[in-house]
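The values are calculated or read from the model by the stated rules, or taken from the named source; none is laboratory data. From a predicted model like this one, the values you see are computed outputs, not experimental measurements. Neighbour counts run over all protein chains shown; Cβ positions are idealised from the backbone, glycine included.
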Amino acid sequence: MANKRRSRSDLPPGHLGHAPTIDIHTHIIPEQLPNWAARFGYGSFIRLEHQLGSCPGCAHMMQGDTLFRRINANCWDDHERISDCDRDGVRMQVLSTIPVMFHYWARPQDALDTSRYLNEHIAETVGRHPHRFIGLGTVPLQDPQLAIQEMERCVKELGLAGIEIGSHVNEWNLSEPELLPFYEAAERIGAALFVHPWEMMGHDKMQRYWLPWLVGMPAETSLAICSMLFAGVFEKFPRLRVAFAHGGGSFPATFGRIERGFEVRPDLVAVDNPISPRHYLGRFWLDSLVHDPEMLDYIARLIGHNRICVGSDYPFPLGESIPGGIVGEMHWTDAEKHQVRWKSALEWLNLKDSLLTKPGPKR
C-alpha cells in the first residue's frame with residue numbers, strides 16, 4: 001500500500017529551506033500492463049486489477065491468483081507524484097521499476113520485451129516532466145548481451161540516466177564473470193547503476209513477521225556489495241558509478257566483520273581481489289534510507305557525505321514518509337546536508353547542477 005504516514009518528526013514541506021532535493025529511490029509502474037502470462041504462455045508476470053468500485057484510485061498487483069501488493073494511483077499517476085513532491089519539498093525523483101518486474105527468471109527474449117515496455121513508459125513520463133523526473137531502465141540481465149543492447153537503447157535513444165539491477169541474477173551473484181561485459185558497457189556509455197534487493201535469500205524460512213523485507217532485504221544488499229568488492233568489479237571498472245539501496249543494507253553495520261574476514265582468511269576472501277574492502281569505501285554511493293539518524297551519521301563517517309544520496313522508496317510504506325526528512329534531523333553543516341540532498345545524486349548520475357535551475361515546485 002502506498003505510503004501515507006508522516007515521519008515521527010512531522011517536519012513541514014520545505015523543512016530544509018529552498019535547497020533542492022533529489023530522491024534517487026522511487027518506484028513507478030504503468031497504469032496498464034499487458035497480460036504477459038497469456039502472451040508468453042507461462043510465468044507469474046505481474047498484472048494489475050484496478051479496484052474501480054471498492055477503492056477508486058487503487059490497484060492490486062497480482063501474481064497469478066496471489067495478491068503481491070496493493071498500490072495507489074501515485075504508483076503510476078505522474079501528476080499525483082508531482083503533487084506529493086511539491087508537498088514534501090522534493091525537486092526531482094529518479095524513477096525505476098518495482099523490482100518484482102525485473103523478470104530475470106523469464107526467457108531472455110520475453111524479459112527483453114517486458115523491459116522495453118517498462119523503459120518506454122519511464123522515458124515517456126520523464127519526457128512529459130523533464131524538470132521533475134530522471135529515469136532508470138531495467139534490462140534482462142540473465143542474458144548479458146541482451147542486457148547491454150537494451151541498456152544502450154535506454155541511454156542513447158530513450159535518454160535514461162542508467163539502469164536499475166537486482167542484488168543477484170537468479171543463481172548468479174553480482175561477482176559472476178558472465179556479468180563483467182555488462183559492467184564494462186555501463187562504464188563505457190556512462191550509465192549509472194542502482195542496485196536494489198529482490199527475491200530475498202532465505203525466503204522460505206521467513207514466512208512470518210514480514211521478515212523478507214526486514215531481514216532479507218538488508219542481507220541481499222550486503223551480498224551485492226560484498227560480491228562486487230571481492231570480485232574486484234570496482235578495480236576493473238574504476239569509472240563505474242553504482243548506488244545501493246537502503247543505506248547499503250547490513251553492509252555498513254557489519255563492515256568491521258567483513259574487513260576482519262579479509263584480513264584473517266585471505267585464502268577464502270581475497271581469492272579474486274587482493275585489495276582490502278576498505279580501499280573501496282567512497283567508491284560507491286548509498287541512499288539515505290536507514291530510518292535512524294545515528295546509523296546515517298555512521299554511514300557518513302564510513303563513506304563520506306559525498307557518497308550518500310536521499311532515497312525514500314516512494315511510494316511504499318517501508319520508505320521514508322518525507323523524503324530527506326532524516327537529513328533535517330542530522331547535526332550536520334548546511335554544506336553537508338546540501339551534499340546529501342542533491343549534489344551526491346548529480347555526481348552519481350553524471351548530471352550538471354544546471355539541471356536544477358529549470359522550473360521546479362511552486363511555493
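Checking each residue in the stretch 182-212 for being of a type in the set (Phe, Trp, Tyr) and buried (at least 16 other Cβ atoms within 10 Å of the Cβ) picks out PHE182, TYR183, PHE194, TRP198.
Go through the residues of the stretch 60-79 one by one and say whether even a single one is within 20 Å of LEU160 (Cα to Cα) and β-branched (Val, Ile, Thr). Checking the stretch 60-79: not a single residue is within 20 Å of LEU160 (Cα to Cα) and β-branched (Val, Ile, Thr).
The set of residues in the stretch 86-119 being within 18 Å of the chain's Cα centre (by Cα), under 23 Å from HIS131 (Cα atoms) and in a helix (DSSP H, G or I) consists of LEU118, ASN119.
The set of residues from the stretch 302-326 being closer than 27 Å to PRO277 by Cα and of a type in the set (A, V, I, L, M) comprises LEU302, ILE303, ILE308, VAL310. Scanning the stretch 256-286 for residues that are over 16 Å from GLY232 (Cβ atoms) and touching a Gly at 6+ places or on another chain (Cβ under 9 Å), we see that the one that is surrounded by the fewest Cβ atoms within 10 Å (Cβ to Cβ) is GLY282. If I filter the stretch 132-142 down to residues being over 10 Å from ILE82 (Cβ atoms) and not hydrophobic (A, V, I, L, M, F, W, C), which single residue comes out as farthest from the chain's Cα centre (by Cα)? Selected residue: GLN142. Among the residues making up the stretch 39-93, a single one is out of contact with any Ser or Thr (no Cβ under 9 Å at 6 or more places or on another chain), among the basic types (Lys, Arg) and closer than 30 Å to LEU355 by Cα: ARG87. Restricting the search to strands (runs of 3 or more DSSP E) fully inside the stretch 186-304 and requiring at least 1 residues that are at pLDDT 95 or above and charged (D, E, K, R) gives 285-287.
Residue-by-condition table, conditions (1) within 28 Å of ALA186 (Cα to Cα); (2) of a type outside the set (Asp, Glu):
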| position | (1), (2) |
| --- | --- |
| TYR280 | yes, yes |
| VAL290 | yes, yes |
| PRO293 | no, yes |
| ARG301 | no, yes |
| PRO317 | no, yes |
| GLU329 | no, no |
| THR333 | no, yes |
| LYS343 | yes, yes |
| LEU349 | yes, yes |
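In the stretch 210-222, the residues that are farther than 16 Å from THR254 by Cβ reach residues that are part of a helix (DSSP H, G or I) and not acidic (Asp, Glu) with C-beta atoms within less than 6 angstrom, at least six apart or across chains, in these pairs: PRO212/HIS203.
ILE82 falls short on exactly one of the conditions (1) part of a helix (DSSP H, G or I); (2) over 22 Å from the mean Cα position of the chain (by Cα); (3) surrounded by 17 or more Cβ atoms within 10 Å (Cβ to Cβ); (4) not polar (S, T, N, Q), and that condition is (2). The set of residues in the stretch 120-150 that are among the hydrophobic types (A, V, I, L, M, F, W, C), within 30 Å of SER250 (Cβ to Cβ) and part of a helix (DSSP H, G or I) comprises ILE122, ALA147.
Residues that are closer than 29 Å to ALA161 by Cα and not aliphatic (A, V, I, L, M) within the stretch 238-272 comprise PRO238, ARG239, ARG241, PHE244, HIS246, GLY247, GLY248, GLY249, SER250, PHE251, PRO252, listed in sequence order. For ARG132, the requirement of being within 30 Å of PRO317 (Cβ to Cβ) and surrounded by fewer than 17 Cβ atoms within 10 Å (Cβ to Cβ) is not met.
The set of residues in the stretch 124-149 that are of a type in the set (A, V, I, L, M, F, W, C) and farther than 23 Å from GLY89 by Cα comprises VAL139, LEU141, LEU146, ALA147, ILE148. The conditions of being within 25 Å of GLY166 (Cβ to Cβ) and in contact with a helix residue (DSSP H, G or I) (Cβ under 8 Å, 6 or more places away or on another chain) are met by HIS103.
Identify the residue in the stretch 329-348 that is farther than 16 Å from GLY247 by Cα and in a loop (DSSP other than H, G, I, E, B) and, among all such residues, is modelled with the lowest pLDDT. Here the answer is GLU329. Within the stretch 295-326, the set of residues being in contact with a helix residue (DSSP H, G or I) (Cβ under 6 Å, 6 or more places away or on another chain) and at positive phi comprises GLY324 only. Among the residues of the stretch 151-181, how many are part of a helix (DSSP H, G or I) and surrounded by fewer than 23 Cβ atoms within 10 Å (Cβ to Cβ)? Qualifying residue count for the region: 9. Checked against (1) within 17 Å of THR221 (Cα to Cα); (2) surrounded by fewer than 17 Cβ atoms within 10 Å (Cβ to Cβ), GLU329 meets all criteria but (1).
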